[in-house]
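Structure first, commentary second.
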Amino acid sequence: MKSVCWLTAALCLAACSEAQPSRDSGGPGDLGAAADGGANDLGQSDQGVDAGEPDADLPDLGPADTGVLPWGEVVVDINLPRPPALLSEYRLVRLENGVLRYNDRVVPYELAAPLFSDYAIKERAIWVPPGTQVNYQDLEAFDFPIGSAIIKSFSFAPDLRQPEVGRRVIETRVLVKYADGWHALPYLWRPDGSDADYHVRGHVEMVDFIDPFGAPRRATYLVPQKNQCTSCHELSDGQGGTFTTIIGPKARYLNRLELGPGPAINQLERWVGLGILAGLPALDQVPSSAALTTYGSTVGWTAPELERAARDYLDINCAHCHNPQAVQGVTSQLYLNVDNTDEFRLGYCKEPGSAGSGAGGRRYDIVPGHPDDSIVTYRIESERAGEMMPLLGRSLADTFGTRVVRGWIQSLPSRNCD
């Protein structure tokens with residue numbers, strides 16, 4: 001499948017040098033029955049496809065170092081003692097001339113309101129084991145079968161007004177559902193794009209680019225360490241334990257038209273047609289999100305339009321922490337999940353429980369009608385570590401997203417919270 005979708009946040013990447021496959025060892029790096037003498041042979045029984053580094057010594061029996069990996073069947077093995085050292089071992093995705101290409105049955109998707117990650121271009125896809133299906137849920141993330149994989153790739157272009165020109169893929173995260181839940185398995189792409197290596201120790205990269213509004217930006221792009229991932233993806237199970245959840249694949253964000261070379265079709269209906277989604281109700285019964293994928297102006301938006309867009313923005317960007325099941329939500333008692341109807345828990349005239357110096361001298365989470373007095377706007381507009389929200393996944397403020405939230409608070413009937 002060759003369609004391309006652009007993905008959204010940084011998860012955990014990690015280095016596993018001890019797990020690097022040896023050259024032509026017959027181990028994870030060699031998918032053939034025998035070694036053909038090429039480095040990191042991915043061919044089948046010496047049929048001669050060498051996608052590794054140029055051969056160091058022995059003769060190469062196939063087309064020399066073409067960089068083209070053989071597809072074959074996807075391999076997502078949850079019984080391995082450790083994750084594959086190379087992204088190519090999954091046979092899920094590869095780079096061809098700077099463009100991500102997917103294997104058969106790997107299904108690209110887009111979110112109507114994606115998570116903001118320093119303007120990174122995000123490309124998303126899913127794969128489920130043959131004969132299995134994803135189960136639909138109205139509000140929660142969809143229930144994926146064990147052995148499923150979610151693939152998220154993060155790229156930058158020099159000028160995001162022309163995102164296809166000079167784009168460079170930095171990382172691809174493979175989220176695999178094991179018997180005990182989701183595991184984040186992040187891979188960092190090599191400079192030549194030949195493959196991506198498993199990396200768990202975190203990574204910081206300075207990225208200079210022009211943002212969609214024409215402004216020069218420098219992002220301190222962070223790939224978090226593994227122990228940082230739980231701050232966004234861990235929820236309470238209500239019985240004293242925790243579990244790792246996924247953020248984006250929910251009905252409201254997947255319920256959108258899928259635009260491509262053929263006729264436009266609803267993305268969820270397409271999943272049903274592909275046999276990978278069960279339980280989808282009639283589309284008029286499915287929640288939907290405001291479309292926040294296009295950067296633009298909020299001039300002329302009505303108060304209801306601003307409220308819908310702002311609540312969806314806060315839900316996808318903040319509610320994975322600020323909800324009744326998350327540690328930060330319990331601590332702050334600020335619930336930004338889109339289904340919360342309690343105005344006080346949403347922040348109206350509510351003093352923060354744990355903002356500290358991050359409040360910017362402001363007293364209330366949201367002062368209706370007064371964005372300049374609201375802690376929420378201060379924290380999403382700040383670019384200072386320890387003050388900005390979310391705490392991870394961004395170093396820059398989202399110009400459009402903050403405009404939406406600020407416009408919504410401004411549109412609320414004015415209140416005096418003192």
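The values are calculated or read from the model by the stated rules, or taken from the named source; none is laboratory data. Everything numeric in this text was worked out from a predicted model, so none of it was measured. With ideal geometry, Cβ positions are generated from the backbone for all residues, glycine too; neighbour counts draw on all protein chains shown.
Just one of VAL338, VAL330 is assigned by TED's automatic domain parsing to the domain that holds ILE375, assigned to a helix (DSSP H, G or I), of a type in the set (A, V, I, L, M, F, W, C) and at pLDDT below 95; which is it? Let's see the steps before the verdict.
Details: VAL338 fails: assigned to a helix (DSSP H, G or I).
Every option except VAL330 fails the conditions.
Any residue in region 177-188 that's on the phi > 0 side of the Ramachandran plot: show its pairings with residues that are in a loop (DSSP other than H, G, I, E, B) at Cβ separation under 9 Å, as long as the two are six or more apart or on different chains.
Once the first residue is on the phi > 0 side of the Ramachandran plot and sits in region 177-188, its partners that are in a loop (DSSP other than H, G, I, E, B) give GLY181/THR245.
Restricted to region 214-248, and to residues that are over 24 Å from ALA397 (Cα atoms) and in a loop (DSSP other than H, G, I, E, B), which residue is modelled with the lowest pLDDT?
Here the residue is ASP237.
Output yes when any residue across region 384-400 is part of a helix (DSSP H, G or I) and in contact with a helix residue (DSSP H, G or I) (Cβ under 6 Å, 6 or more places away or on another chain), and no when none is. Spell out the reasoning first.
Taking region 384-400 first, the residues part of a helix (DSSP H, G or I) are 399-400.
In the following step, the residues that additionally are in contact with a helix residue (DSSP H, G or I) (Cβ under 6 Å, 6 or more places away or on another chain) were identified as none.
No, region 384-400 contains no residue that is part of a helix (DSSP H, G or I) and in contact with a helix residue (DSSP H, G or I) (Cβ under 6 Å, 6 or more places away or on another chain).
Would you say PRO287 is surrounded by fewer than 17 Cβ atoms within 10 Å (Cβ to Cβ) and under 21 Å from the mean Cα position of the chain (by Cα)?
Spelling it out, PRO287 is indeed surrounded by fewer than 17 Cβ atoms within 10 Å (Cβ to Cβ) and under 21 Å from the mean Cα position of the chain (by Cα).
Among the residues of region 140-156, is there at least one that is in contact with a Cys (Cβ under 9 Å, 6 or more places away or on another chain), farther than 30 Å from LEU280 by Cβ and assigned to a strand (DSSP E or B)?
Within region 140-156, not a single residue is in contact with a Cys (Cβ under 9 Å, 6 or more places away or on another chain), farther than 30 Å from LEU280 by Cβ and assigned to a strand (DSSP E or B).
Would you please name the residue that is modelled with the highest pLDDT, looking only at residues in region 299-327 that are among the polar types (S, T, N, Q), closer than 21 Å to PRO368 by Cα and touching a Leu at 6+ places or on another chain (Cβ under 8 Å)?
In this case the residue turns out to be ASN317.
Residues in region 261-271: is at least one at pLDDT below 75, surrounded by 12 or more Cβ atoms within 10 Å (Cβ to Cβ) and assigned by TED's automatic domain parsing to the domain that holds GLY166?
Taking every residue of region 261-271 in turn, none turns out to be at pLDDT below 75, surrounded by 12 or more Cβ atoms within 10 Å (Cβ to Cβ) and assigned by TED's automatic domain parsing to the domain that holds GLY166.
Considering only region 83-122, how many residues are over 20 Å from ARG167 (Cα atoms) and charged (D, E, K, R)?
Total meeting the criteria: 4.
Restricting attention to region 94-119, report how many residues are buried (at least 22 other Cβ atoms within 10 Å of the Cβ), small (Gly, Ala, Ser) and over 25 Å from GLU205 (Cβ atoms).
Total meeting the criteria: 1.
Filter region 112-131 for residues that are in contact (Cβ under 8 Å) with a residue 60 or more places away in the chain, in contact with a Pro (Cβ under 9 Å, 6 or more places away or on another chain) and not aliphatic (A, V, I, L, M) and give the result.
PHE116, TYR119, LYS122, GLU123, ARG124
Listed residues GLU123, GLU89, GLU140; which is buried (at least 21 other Cβ atoms within 10 Å of the Cβ) and more than 16 Å from the chain's Cα centre (by Cα)?
Unique residue meeting the criteria: GLU89.
Looking only at residues in region 126-139 that are outside any strand (DSSP E or B) and of a type in the set (Val, Ile, Thr), which one is nearest to TYR198 (Cα to Cα)? First the steps, then the outcome.
The first filter runs over region 126-139 and keeps only residues outside any strand (DSSP E or B), leaving 128-133, 136-139.
From the residues that got through so far, the ones that are of a type in the set (Val, Ile, Thr) too are 128, 132.
On the way: VAL128: 21, THR132: 27 Å.
Looking at the filtered set, the residue picked out is VAL128.
Residue by residue, here is whether (1) over 19 Å from SER382 (Cα atoms); (2) assigned to a helix (DSSP H, G or I) holds:
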| residue | (1), (2) |
| --- | --- |
| ALA290 | yes, no |
| SER297 | yes, no |
| ILE316 | no, yes |
| PRO352 | no, no |
